[in-house]
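Chemist: Let me give you the structure first, and then I'll get to my questions.
The values are calculated or read from the model by the stated rules, or taken from the named source; none is laboratory data. Bear in mind the structure is a predicted one, so any value in this text is a computation, not a measurement. Don't worry about glycine lacking a Cβ; one is built from the backbone with ideal geometry, like all the others, and counts go over all protein chains shown. These accessible areas exclude ligands, DNA and RNA; they are computed on the full protein's heavy atoms, side chains included. Shrake-Rupley method; radii C 1.70, N 1.55, O 1.52, S 1.80 Å.
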Amino acid sequence: MTRALALAAVMLGAQFAGAQATWSADAPKADTVKGQAIVTQVCAACHGADGNSIVPANPKLAGQIPEYVQKQMLNFKLGAGGKPAERASPVMAGFAATLSNDDIRNVAAYLASQKPSPGTAKNKDTIVIGQRLWRGGDVSKSLAACASCHGPAGAGVPVQYPRLAGQHADYTEAQLKAFRARERNNDAAGIMSSIALKMTDAEIRAVADYIAGLR
């Protein structure tokens, strides 16, 4: 891992620690039954009752690292005094606003307990490029390998980096482009933005398709 990535890992860990601090040390253990009820009522229409979205534009959340889900849900909420949310989404902001911290913890725990459905890479012409970027990055432009943070099989690294394996290619592509355009900037030290800025549309599309087939 490069020095920049190591620094980002420390900062991202600090971000998660900050998010976790929202809940007191004596907070009750997450309740997956309550989490399931909320997912069924609030989240299922877009993300599936078990977190396995069938809509390519909506992310799969089954098996996702719970701390990551918690952080994203907090980032969708408005800050103190009406401060803009760290992650902009009119749709998700509305849902997040209705959930308490306990609700979020319960939802995250339930989704983490669900088995993620497998995905498939669909573009045979870009598999080699996607695999190369995932496994080794591109030294010529100091582009880090995706696997160096998200794991060889895309399982993520608790609590720092999210699971990506099997994620919808359309969603991954959209998020990488959002990071590149700095329309999404809730990543520690701007690490994802700095990575996406070095990628072409073709490279983003190739690695997103490759990620969809990881399992």
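Chemist: Grab the helices (runs of 4 or more DSSP H) fully contained in segment 55-142, keeping just those with 1 or more residues being surrounded by 20 or more Cβ atoms within 10 Å (Cβ to Cβ) and in contact (Cβ under 8 Å) with a residue 60 or more places away in the chain.
Modeler: Hits in segment 55-142: 66-76, 101-113, 127-136.
Chemist: Next up: Within the group ALA14, ALA4, ALA19, ALA8, which residue is closer than 26 Å to ALA153 by Cβ, loosely packed, with under 15 Cβ neighbours inside 10 Å and at pLDDT below 85?
Modeler: ALA4
Chemist: Right, here's the next one. Can you tell me which residue is nearest to ALA121 (Cα to Cα) among those in segment 168-199 that are among the charged types (D, E, K, R) and crowded, with 18+ Cβ neighbours inside 10 Å?
Modeler: Checking each candidate, the answer is GLU173.
Chemist: Which pairs turn up if I take residues in segment 196-214 that are in contact (Cβ under 8 Å) with a residue 60 or more places away in the chain and look for partners that are surrounded by fewer than 24 Cβ atoms within 10 Å (Cβ to Cβ) and acidic (Asp, Glu) with beta carbon separation below 7 Å, at least 6 apart in sequence or on another chain?
Modeler: ARG205/GLU173; ALA208/GLU173
Chemist: Would you call ALA165 more than 23 Å from VAL42 (Cβ to Cβ), in a loop (DSSP other than H, G, I, E, B) and open to solvent by less than 60 Å² (accessible area, probe 1.4 Å)?
Modeler: Answer is yes for this residue.
Chemist: When you scan segment 39-54, how many residues do you find that are over 14 Å from the mean Cα position of the chain (by Cα), buried (at least 19 other Cβ atoms within 10 Å of the Cβ), of a type outside the set (A, V, I, L, M) and in a helix (DSSP H, G or I)?
Modeler: 1
Chemist: Does ALA208 qualify as being at pLDDT 95 or above and surrounded by 19 or more Cβ atoms within 10 Å (Cβ to Cβ)?
Modeler: In short, yes.
Chemist: What are the residues in segment 94-126 that are among the β-branched types (Val, Ile, Thr), closer than 23 Å to ASP170 by Cβ and touching a Gly at 6+ places or on another chain (Cβ under 8 Å), if any?
Modeler: Hit for segment 94-126 is THR120, nothing else.
Chemist: When segment 166-187 is examined, which residues are found to be over 17 Å from ILE54 (Cβ atoms) and of a type in the set (S, T, N, Q)?
Modeler: Answer for segment 166-187, where residues must be over 17 Å from ILE54 (Cβ atoms) and of a type in the set (S, T, N, Q): GLN175, ASN185, ASN186.
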